[in-house]
């Protein structure tokens, strides 16, 4: 670790010290009428994933603001909820340090982390302390297999997302030769492995290449090599900022090659604006139902855009619901005790923006929902929604025309708003 990075981390922790509650802040205030309840947020608030992390922190803050306006009472006392944001930089070591600082600050729950590697590093710390951790984004399958009773996630697992994507590719796209690329992260490697596994079970679909890339890789050379191998579609397991660059290179060098994504949170305005016309034809599977089917989506989107701008990702509404379900569990238990909260979260059934929120004993969503989208003209067009855990069929449709038409006029879309092809800065995730 460099001196610069270590110094920056020390500065971050010093800054956190100023945010720690004064004695008694988390309890009743001076007149005994209200107490402040701290909920932590751990995610990348700087660096390449800054806009991704901030979109989730903003959504959680928005939810708590709405709740505070209701002036709710828990344990016969009025409570005020405050989000304590901390930047874990998508770095596991920093996420561990942030976890300890948030626990010292007296948080009753944590929304985060924002990726699988940091979630794996911090989940045990929160669970051992008896503080629930609800992640709106971390999707690695192994996270719910560690025995952490305080771990919960709002989104479906990577292996299930991979099954949905391969099922759709096999049934509805004329893809026979698949290339697979990952970014070397815990998230990307696990997701790529799941796609390869499920593709191996699909008749007529063959994985012909598997590569690993970083931010310094020569993407043009890699795409040319994939093209020479006859790749029809390229699956990428990695972060959305990298997926923007990859889409732009495929548009220039791919000769009709399709880009496939999963669980990277791209199904929002930010990716479309950054990728511009290169987003056309990108197929992505994301957790959740289509946004236009979410009760209250229009109000959420309008308020979010008014307050924070256009940086909405596919995971943003799940952060909003993470805050909502935490408070709902406190109200159901009539307590802000963290250990009581964990027990209530295991039993709660809450109707939120993203649908019904309920958890399995291991913290996974009780009924995961995935939607396959295609980018078309600065919109994400929902193509198919899966509920539950699909098994990839061993049979390919006899006729390609039997597949749903990609440009079906009856399909509703998520409209990102007008975005020209003029160069603009890419979002960093």
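All of the numbers you see were taken from the coordinates with simple rules; none came from a lab. Keep in mind it's a predicted model, so treat the numbers as computed, not measured. Counting neighbours? That spans all protein chains shown, and the Cβs are built from the backbone with ideal geometry, glycine included.
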Open item on the list: Using a Förster radius of 30 Å, what is the FRET efficiency between residue 76 and residue 356 based on their Cβ-Cβ separation? Nearest 0.05, please.
Closed with: 0.55
Open item on the list: Regarding region 287-394, what's the average projected area of the Cα-atom convex hull, expressed in nm²?
Closed with: 8.8 nm²
Task: Mean Cα-pair separation over length for region 211-263, i.e. relative contact order, pairs under 8 Å, 6 or more apart, % - done: 44 percent
- [ ] Return the Cα extents of region 70-174 along principal axes one, two and three, sorted largest first, each rounded to a whole Å.
- [x] 59, 36, 25
Task: Two-decimal log10 I(q)/I(0) for region 129-229, as the Debye equation yields it once each C-alpha is a single scatterer, q = 0.12, 0.16, 0.24 Å⁻¹ - done: -0.50, -0.79, -1.25
Task: region 232-375, relative contact order [Cα under 8 Å, separation at least 6], % - done: 25 percent
TODO: Assign one of three labels to region 238-313, namely rounded, prolate or oblate, based on the Cα gyration tensor with a ≥ b ≥ c the square roots of its eigenvalues; rounded applies when a/c is under 1.5, prolate when it is not and a/b is larger than b/c, and oblate otherwise.
DONE: prolate
Open item on the list: Relative contact order for region 102-235: what percent, with Cα pairs under 8 Å and sequence separation of 6 or more?
Closed with: 21 percent
